[in-house]
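The values are calculated or read from the model by the stated rules, or taken from the named source; none is laboratory data. Keep in mind the model is a prediction, meaning the values are calculated, not measured. FYI the Cβ positions are ideal-geometry reconstructions off the backbone, even for glycines, and counts take in every protein chain you see. For accessibility, only protein heavy atoms count, side chains too; no ligands or nucleic acids. Shrake-Rupley method; radii C 1.70, N 1.55, O 1.52, S 1.80 Å.
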Amino acid sequence: MITTFLGLPPDASAEGFVIDHLLEIVHWFIIALFIGWAIFFFYMLWRFRAGKNPKAQYAGLKSHMSTHAEIGVVAIEVLLLLGLAIPIWAVQVKEFPTVGAIPVHAIAYQFGWQFHYPGEDGVFGRQNFRLTTGSNPIGLDWTDPASKDDVVVMNTMKAPLNKKLAIRVTSKDVIHNFSAPSFRVSKDAIPGIMNPIWFTPIRLGEYDIICGQLCGSGHGVMKGTVEVINQEDFDAFIKATKSAPAEAQLSSIP
Amino acid sequence: METNINHSNAHTSHDDQGHHEHQELKFWQKYIFSVDHKVIGIQYAITALLFLLLGFALMGYMRYQLAYPDTAAPYGFGKALTALVGQEMAPDGKMSGALYNSFGAMHGTIMVFLAIVPLAVGAFGNFVVPLQVGAGDMAFPKLNAASYWTYLPGGVIMLISFFVPGGAAKSGWTSYAPLSVISDHGPAFHPIMNGQTLWLIGMTVLIFSSLLGSVNMIVTIVQLRAKGLTWMRLPYFVWAQFVTAFLLLLAFPPLQAAGVMQLMDRIAGTSFFMPTGLVVNGQIWDHSGGGSPLLWQHLFWFLAHPEVYVLILPALGIVAEVVSNNTRKPIWGYKSMVYATLFLGVVSFTVWAHHMYLTGMGTKVSSFFQTTTIIISIPSVIILSCLVISLYGGSIRFNTPMLFAVAFMPMFGLGGLTGIPLAFNATNIVLHDTYYVIGHFHYIVAPGTIFAMFAGIYYWYPKATGRKMSEFLGKLHFWPSLILMNGIFMPMFFQGLAGVHRRWHTGGVVNGEALFEVTKHALHWNSFMSWSAWLLAVAQIPFIINFFWAWKRGEKVGDNPWEATTLEWNTPTPPPHGNFLKEPIVYRGPYEYSVPGEDKDFTPSWEEPKKSKTDLVNL
Amino acid sequence: MDIPYTVNNRPDTGLYNAKLGMWLFLASEVMLFGGLFSAYIFLRLGADDGMWPHQILDVKPAFINTMILIISSVTIVQSWAAVKMGNLKKFKLYMGMTILLASAFVGIKSYEYYTKVHHYGLITNTRIQVTGYLDQDKTNDQVVAIIPDKHQAFESGKKFMETKLEAGAVSAGHHEPILFQRSDLVWFSNFMPRYNTFFAIYFTMTALHALHVIGAIVVLAYFWGPGSKMFHTNRAQFANRIEVVGLFWHFVELVWIFLFPVLYLL
Ligand code: HEA
Ligand code: HEA
Ligand code: CUA
Ligand SMILES: [Cu+2]
């Protein structure tokens, strides 16, 4: 695997291998091209240096091999484009899971992440940015019954093993990017837009979420984590975490 | 040299020329507010080189932060930094995140808009194109001067912005909204004197300058071509400048519009790029909302993709001139290069959103942009192939310009080839915003374009000054530069694949440890790359010495020291105001080297054919 | 060597330098306004439901301005023709008219801007958007008193007015103000660029256009006044210059011909 050799981290998602596959082929392709060209190039420099070839030929190369080579390059590129790149993207866009997946909202801010789970009822509570406070960082409207069991956590996104995650990425302030190289996903978190991504973690452990878009002075230290745990632990986590304020406080919120 | 067969050499002694010109010009008319395209070209060149050095200096500091995060640079460099930008931005000589971002944004801005474009277009275009087309000057000399005199204030505005409270623009050279719109907004916010607003104003001024320049360039090429200089006899460099001028002319205005809109967002409180519902720092942002951050990106990249071809086309043009001259044979596939360039110019307006794959694109849109991006790689492959194949059958002289021109090819090749994994959106997911991207384009612009610029400087220096730069110092400049450039940029590909992202002011290390597990095994490259960068700076010293030393002390040369064929070598050296002593006539294509049956290995395009009249048909 | 084709056409291109230069400049201007028009489309398509106003601007002054520009396109051609025919007086007359018409355009445009400053709109936290004029006396830090427009530009405002009318809260002429508590408002401002994205793009585009008109006035005035000396010294070049500014002027008109329906009618 040339890309692993070059530094690509191991894949921890069920879907990432298609991307690795294309990455691998493209790199073999460009390396082969470069080496081919380089051999020709250095041979030319050596063969036609003034010392060896004092008189230049007016006509130059007569053969059409370059045209053939160019057609070959184009053909391979078209093949990769139609055969791999476009279909992979189509799957990514079209097959955003709606049933049987864990829905999460990943909400970026300067400089961290909030993860919003719908809780046991599976329905996200209504949000209104005007309700944002320190204790209600994503502006959940507690008068909406669906919001009562919602779970909001900071920076660490827990995810059950072998279960599809249906994530919608957004931001409260500037543009960030949810980039999790180990899962081969990356998507801009843009305020006002809910961008979908999905994948299935297939290995337990903690994985990095890198912020992949300049977002201010803390961009370089904006870190999130995906913690892949067993289903039981995940269920327990959802049950145990309560984000809504106690009933008494609730009434005092306008 | 046995070259002096062309009649213009009779005038190498400058005694008998210049009298028919107007009355004596004062110093400031001649060298400061000159309208002579050559003087303006040199003004551009020197200003742009200084900006290139500044852009590099900013990067010198940034690379220190990347290699040794949160330590003050030694030998007084850290102290100097604090003295310049203040304790708040550089506490005790250490770079703050804000300062790093500001230097990064300004490195990109300065390199692209104040260094490379002015050097490639303002300097080389201005100096060489009128000579190569056989014109006395640019079509609108005053406009030409106006173009330089708007470029300079644009640059000065950018420089001033380093010293306003909060420092220069720090939202990347891409200035993505909302970050750029909200940046610097604080209690002490001054509506004008803040980094981002000055950046926008500076860009507006620079765009205006480039507009004046590009109109002038196109009119000069279309209208002022010498007799007999038909389109297919134009040197490839002129073609490259021609297409470049069109790119500048048509791609910049939408950014101008976007810049005005962002100014409005910052000053008049509009919401062009600001969506509804922003909560910044826990506070609801006071604005109407309803705008779109993606609108900025579309307008920006609509400019910025054509702009990257502005960075490369003049470089390709220079390389073609130098390669042909030093292989002593015509460029292989001149016509296909010309058509490829025109095609590239047109298609470059249709690929912009390949910078935006991860903004949430549907399949149709992304397929469109992937396809156009792949299509646009074809003309580049053709042009580069033609250049490489031009070596075949040559008699290659490895002088300094040629070394730089030859090195350009594989470097551009590497940069271009690594564009392909970026171009497929599926692989872009892994590579976007990582050092892979930085590596991709730096291979094109640094050991690519900068090397071509060096080639051009060494090549045309004798025409501008009448003296040659030193070959020894030239080679001392070339070899370390080549090696060190690769030392900086090659590891970027490994880092990028490992997930090391760009614009990290920490270099990925926090409190002595890798912040992200995945990147751990790639971070050790940082100090290697930084050392390469600093040594690269040292490696420029021979060039700087050479550049100034040769001005007065370099070996004196005649009018056509490289035994070249294109029209610029048909003038006295240095060319007087008005350039040509008598109107040149062009009899043949631009690269008639080693023509069979000729007694010398170059047949200048202005030399009257001896044999038959049939060559004159095209007059 | 002198620069050729400053006055006469180059045979193979059929152009003199300045004319080609102007065409190129206009091409870039097309891209400039093109960028703004695409921004307009982008913002309009992206606007939240009911948040884009319909015909909020007064058509009358804009229509008069359109007419003014159309007439001026005739006068400027006449002034060029007058130079060609060697009639300086006629040139001065038509060029003077063009300048006056252009100034009238700017005057009317300023009046339109001025009226916007006194026109207000507000959005309640229930997303009702009402436009109108302020009742200064009744407006204070707690309360906004607005005399609603007859023709509400926003759907929600229309509905709101209908319910008010039915409830008898306002009369059909509705000259009395409706009072809103400031705490119930999420947005309140006069019709300056910041009011919403429509006014943002409206002001940006028309101001940029007006700048072009003002620039043209300066140049035209120069040719009308001191610049016209060239009529005697080098008439061919003078005619070229008038032709070239004429091209620019036609472009400025053309932009307005696009702006008018896009901003006022659609
Ligand atoms: C001069 C500058 C320049 C040039 C010419 C190019 C050329 C290309 N670029 Fe690049 N690009 C940039 C400058 C440039 N780019 C910059 C500055 C950015 C980042 C901006 C930012 O975000 O800040 C960028 C980013 C960028 C991205 C977005 C990455 C991301 O942010 O996710 C993409 C994606 O498609 C891309 C693709 C391409 C492609 C396909 C080409 C093609 O045109 C390349 C075609 C060339 C070839 C295919 C080479 C052919 C050569 C050979 C076949 C043989 C070579 C061998 C020998 C001679 C020995 N570029
Ligand atoms: C044309 C464009 C251009 C050029 C030439 C360069 C040149 C270089 N760049 Fe830059 N770079 C950018 C455009 C460019 N860059 C852009 C657009 C970005 C993205 C910014 C952003 O994130 O927004 C970037 C970002 C960028 C980064 C990433 C920072 C980050 O993301 O955190 C790095 C890191 O190493 C880097 C390094 C370098 C280096 C070492 C050079 C070197 O190659 C420099 C070499 C310079 C010289 C060799 C100078 C020679 C000058 C002389 C010899 C002067 C002589 C003077 C006289 C005679 C008077 N650049
Ligand atoms: Cu968040 Cu970068
Ligand atoms: Cu691009």
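Sort out which residues of segment B:505-533 are within 25 Å of the chain's Cα centre (by Cα) and either buried (at least 16 other Cβ atoms within 10 Å of the Cβ) or within 16 Å of ligand 1 (Cβ to nearest atom) (or both), and write them in order of number.
Of everything in segment B:505-533, those that are within 25 Å of the chain's Cα centre (by Cα) and either buried (at least 16 other Cβ atoms within 10 Å of the Cβ) or within 16 Å of ligand 1 (Cβ to nearest atom) (or both) turn out to be B:M529, B:S530, B:S532, B:A533.
What number goes with the only condition from (1) closer than 30 Å to B:W549 by Cβ; (2) crowded, with 23+ Cβ neighbours inside 10 Å that B:G496 does not pass?
That leaves (1) as the condition not met.
Is segment B:324-335 home to any residue that is away from every other protein chain (no Cβ under 11 Å), of a type in the set (S, T, Y) and away from ligand 3 (no atom under 16 Å from the Cβ)?
no
Within segment B:141-164, identify whether any single residue is assigned to a loop (DSSP other than H, G, I, E, B) and in contact (Cβ under 8 Å) with a residue 60 or more places away in the chain, and answer yes or no.
no
Out of segment B:447-464, which residues are open to solvent by 10 Å² or more (accessible area, probe 1.4 Å) and either outside any helix (DSSP H, G or I) or closer than 17 Å to B:I110 by Cα (or both)?
B:I450
Checking the condition under 30 Å from B:G291 (Cα atoms) and crowded, with 16+ Cβ neighbours inside 10 Å, which residue from C:A153, C:A221, C:A216, C:A207 passes?
C:A153 is the lone residue from the list that is under 30 Å from B:G291 (Cα atoms) and crowded, with 16+ Cβ neighbours inside 10 Å.
Just checking, which of B:Q297, B:Q262 is within 16 Å of ligand 3 (Cβ to nearest atom), touching a Ser or Thr at 6+ places or on another chain (Cβ under 9 Å) and at pLDDT 95 or above?
So the residue among B:Q297, B:Q262 that is within 16 Å of ligand 3 (Cβ to nearest atom), touching a Ser or Thr at 6+ places or on another chain (Cβ under 9 Å) and at pLDDT 95 or above is B:Q297.
For the subset of segment B:357-381 comprising residues that are over 15 Å from B:F424 (Cβ atoms) and not β-branched (V, I, T), which member is nearest to the other protein chains (Cβ to nearest Cβ)?
Out of the qualifying residues, it is B:G360.
Looking at segment B:249-278, which of its residues are buried (at least 21 other Cβ atoms within 10 Å of the Cβ), facing another protein chain (nearest Cβ under 7 Å) and over 16 Å from C:Y40 (Cα atoms)?
B:L249, B:L250, B:L278 - these are the residues of segment B:249-278 that are buried (at least 21 other Cβ atoms within 10 Å of the Cβ), facing another protein chain (nearest Cβ under 7 Å) and over 16 Å from C:Y40 (Cα atoms).
Which ones in segment B:227-246 are at the interface with another protein chain (Cβ under 10 Å from one of its Cβ atoms) and either in contact with a Leu (Cβ under 8 Å, 6 or more places away or on another chain) or surrounded by 24 or more Cβ atoms within 10 Å (Cβ to Cβ) (or both)?
Within segment B:227-246, just B:A245 meets the criteria.
It is to be established whether one or more residues within segment A:63-77 are under 23 Å from B:G362 (Cα atoms) and either surrounded by 16 or more Cβ atoms within 10 Å (Cβ to Cβ) or modelled with pLDDT under 90 (or both).
For segment A:63-77, residues under 23 Å from B:G362 (Cα atoms) and either surrounded by 16 or more Cβ atoms within 10 Å (Cβ to Cβ) or modelled with pLDDT under 90 (or both): present.
Would you pick out the residues in segment B:423-436 that are open to solvent by 10 Å² or more (accessible area, probe 1.4 Å) and either near ligand 2 (Cβ under 9 Å from one of its atoms) or of a type in the set (D, E, K, R) (or both)?
B:Y435
Could you list, in sequence order, all residues of segment B:66-93 that are touching a Gly at 6+ places or on another chain (Cβ under 7 Å), part of a loop (DSSP other than H, G, I, E, B) and buried (at least 19 other Cβ atoms within 10 Å of the Cβ)?
If the condition is that a residue be touching a Gly at 6+ places or on another chain (Cβ under 7 Å), part of a loop (DSSP other than H, G, I, E, B) and buried (at least 19 other Cβ atoms within 10 Å of the Cβ), then B:P69, B:A73, B:M89 are the ones that fit.
Would a scan of segment A:227-235 turn up a residue that is open to solvent by 10 Å² or more (accessible area, probe 1.4 Å), more than 16 Å from ligand 1 (Cβ to nearest atom), within 9 Å of chain B (Cβ to nearest Cβ) and touching a residue at least 12 places away in the same chain (Cβ under 8 Å)?
No, every residue in segment A:227-235 fails to be open to solvent by 10 Å² or more (accessible area, probe 1.4 Å), more than 16 Å from ligand 1 (Cβ to nearest atom), within 9 Å of chain B (Cβ to nearest Cβ) and touching a residue at least 12 places away in the same chain (Cβ under 8 Å).
Are any residues in segment C:123-160 in contact (Cβ under 8 Å) with a residue 60 or more places away in the chain and of a type in the set (F, W, Y), and if so, which ones?
C:F154, the sole residue that qualifies.
Count, please, the residues in segment B:114-143 that happen to be more than 27 Å from B:T565 (Cα to Cα), open to solvent by less than 10 Å² (accessible area, probe 1.4 Å) and within 13 Å of chain C (Cβ to nearest Cβ).
0
List pairs: first in segment A:134-157 and without any contact (Cβ under 8 Å) to a residue 60 or more places away in the chain and more than 23 Å from A:Q110 (Cβ to Cβ), second open to solvent by less than 20 Å² (accessible area, probe 1.4 Å) and not in a helix (DSSP H, G or I), Cβ under 9 Å, 6+ apart or cross-chain?
Close Cβ pairs satisfying both conditions: A:D141/A:G125; A:D144/A:G125; A:P145/A:G125; A:A146/A:P118; A:A146/A:G119; A:A146/A:G125.
Regarding segment C:131-145, can at least one residue be identified that is in contact with a Gly (Cβ under 7 Å, 6 or more places away or on another chain), surrounded by 20 or more Cβ atoms within 10 Å (Cβ to Cβ) and of a type in the set (S, T, Y)?
The answer is yes; a qualifying residue exists.
Does segment B:105-139 hold any residues that are in contact with a Lys or Arg (Cβ under 6 Å, 6 or more places away or on another chain) and within 16 Å of ligand 1 (Cβ to nearest atom), and which are they?
B:A105, the sole residue that qualifies.
I'd like to check which helices (runs of 4 or more DSSP H) are fully inside segment A:1-113 and have at least 1 residues that are more than 7 Å from chain B (Cβ to nearest Cβ) and closer than 30 Å to B:V518 by Cα.
Passing ranges, in order: A:2-6, A:16-47, A:86-94.
Please go through segment B:296-312 and pick out each residue that is within 12 Å of ligand 2 (Cβ to nearest atom) and closer than 14 Å to C:L32 by Cα.
Listed by number, the list holds a single entry, B:F300.
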